[in-house]
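A.B. asks: What follows is a structure written as structure tokens; I'll ask about it next.
The values are calculated or read from the model by the stated rules, or taken from the named source; none is laboratory data. Values in this document were obtained by computation on a predicted structure and should not be read as measured data. Ideal geometry is used to build each Cβ from the backbone, glycine not excepted, and the neighbour counts take in all protein chains shown.
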Amino acid sequence: MSAWKIVVNWLLPPPLILTLLLILPMPGVLKKGLLKVTRQFLFYQLGGPLQLVHVALVITGVVFAGSCITTYKLVQSPVDATLTPNQKTAVLARRWREERNFWIAALTFFLWGLLYRFYQLMLEHVALKDRVRQLELGLVSSTVASAGGGRAAPAGKGAAAAPAAAGGKGGLEPSAPPAPAEVLSNEAKKSK
């Protein structure tokens with residue numbers, strides 16, 4: 001099997017399909033399942049420390065570099081004016097095929113890199129969403145406990161007050177939004 005058949009038939013479709021699926025909006029459960037499938041695919045052990053993503057990046061990178069060199073040489077060589085129309089067509093067809101192969105190789109190489117990086121970003125995103133959900137649940141339960149079983153603050157307003165309730169200015173996270181003025185005034189009244 002030639003290198004181009006391997007690239008086009010085996011190394012191009014998986015990252016294309018997985019990247020498109022990761023981009024689509026879907027419920028959190030499906031997103032986590034897709035991330036698990038992507039992890040199993042990307043980090044499939046091929047032997048020892050070799051993983052599929054590393055082998056695919058090396059193969060597509062070598063094919064891309066070879067395609068760059070071949071395409072550059074063909075584009076730099078002038079078309080001889082003494083050629084017959086059939087010969088000119090053959091030369092131009094070869095140049096077109098090499099340029100097409102260049103773009104296929106570029107797409108495949110960059111798709112593997114994009115899939116790997118996008119997978120990492122999606123993991124961070126899901127982890128941060130889970131952390132925010134846990135902080136909101138912790139805030140609601142702490143407001144219920146501090147109020148002695150009274151009314152709990154709504155989750156939307158309480159989420160901004162979580163750092164303020166957790167210990168004043170020192171408890172603020174660097175990325176936390178400032179608490180609304182009404183929450184701060186309520187906290188000041190409670191502390192008096």
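A.B. asks: Given the conditions (1) of a type outside the set (Lys, Arg); (2) under 28 Å from residue 24 (Cβ atoms); (3) out of contact with any strand residue (DSSP E or B) (no Cβ under 8 Å at 6 or more places or on another chain), which single one is not true for residue 51?
C.D. replies: (3)
A.B. asks: Can you tell me which of 67, 2 is closer than 30 Å to residue 93 by Cα, of a type in the set (Gly, Ala, Ser) and touching a helix residue (DSSP H, G or I) at 6+ places or on another chain (Cβ under 9 Å)?
C.D. replies: After ruling out the rest, the residue left standing is 67.
A.B. asks: Please identify the pairs in which a residue from segment 112-129 that is surrounded by 11 or more Cβ atoms within 10 Å (Cβ to Cβ) and modelled with pLDDT of 90 or more has its Cβ atom under 8 Å from the Cβ atom of a residue that is in a helix (DSSP H, G or I) and polar (S, T, N, Q), counting only partners at least 6 apart or on another chain.
C.D. replies: Going by the 8 Å Cβ cut-off, the qualifying pairs are 112/60; 114/19; 115/19; 115/38; 118/19; 119/38.
A.B. asks: List, please: which pairs have Cβ atoms under 7 Å, are six or more places apart or on different chains, and start with a residue in segment 30-57 that is free of Cβ contacts under 8 Å to residues at least 12 places away in the same chain and end with one that is of a type in the set (Phe, Trp, Tyr) and assigned to a helix (DSSP H, G or I)?
C.D. replies: Every condition considered, the pairs that remain are 52/41.
A.B. asks: Wholly within segment 1-97, which helices (runs of 4 or more DSSP H) include no fewer than the required count, namely at least 2 residues that are surrounded by 12 or more Cβ atoms within 10 Å (Cβ to Cβ) and modelled with pLDDT of 95 or more?
C.D. replies: 13-23, 28-42, 52-76
A.B. asks: Just to be sure before I move on: is residue 119 more than 30 Å from the chain's Cα centre (by Cα), part of a helix (DSSP H, G or I) and of a type in the set (Phe, Trp, Tyr) in the structure I sent?
C.D. replies: Spelling it out, it is not the case that residue 119 is more than 30 Å from the chain's Cα centre (by Cα), part of a helix (DSSP H, G or I) and of a type in the set (Phe, Trp, Tyr).
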